[in-house]
């Protein structure tokens with residue numbers, strides 16, 4: 001398996017289907033069903049921004065998963081110190097390749113990127129019903145620092 005930097009919105013949109021479908025199944029009130037054209041257009045726009053990064057894992061010629069992360073620089077204010085970190089937006093691995101270390105390979109490349117820029121923090125979030133993601137991130141060493149809650153009004 002090999003990891004490559006990509007700027008191919010069509011490929012990322014295709015690889016996004018499992019994660020978008022899962023999000024829609026878990027939270028249909030929040031997430032739309034997978035719409036290739038809409039997602040392709042979105043990624044096409046996002047990929048033009050220098051702080052957005054996409055890596056794809058290939059097994060031979062087959063794309064089997066991707067990670068999308070962004071580099072964030074925040075200035076300090078009266079409450080917070082300045083910060084420079086990476087934020088993971090999406091991780092998706094094709095169902096038939098799960099459990100084979102693809103996520104670890106993708107995260108290892110993100111760590112290399114972070115180290116090359118002297119970045120010391122990587123953040124991400126996941127939906128509470130996505131217990132598989134929670135297990136993977138815990139295994140990779142992520143710890144919970146913040147929890148967000150919502151109240152749905154009738």
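The values are calculated or read from the model by the stated rules, or taken from the named source; none is laboratory data. Because the structure is predicted, anything quoted here is derived from the model rather than measured. Cβ coordinates were reconstructed from backbone atoms using ideal geometry, including for glycine residues, and neighbour counts include every protein chain displayed.
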Take the residues in the stretch 98-117 that are exposed (fewer than 13 other Cβ atoms within 10 Å of the Cβ) and not in a helix (DSSP H, G or I); name whichever of them is nearest to the chain's Cα centre (by Cα). 99
Go through the stretch 28-81 residue by residue and tally those that are surrounded by 13 or more Cβ atoms within 10 Å (Cβ to Cβ), part of a loop (DSSP other than H, G, I, E, B) and either touching a strand residue (DSSP E or B) at 6+ places or on another chain (Cβ under 6 Å) or at pLDDT below 95 (or both). 1
Quick one: in the stretch 127-148, which of the residues that are touching a residue at least 24 places away in the same chain (Cβ under 8 Å), assigned to a loop (DSSP other than H, G, I, E, B) and under 15 Å from the mean Cα position of the chain (by Cα) is surrounded by the most Cβ atoms within 10 Å (Cβ to Cβ)? 130
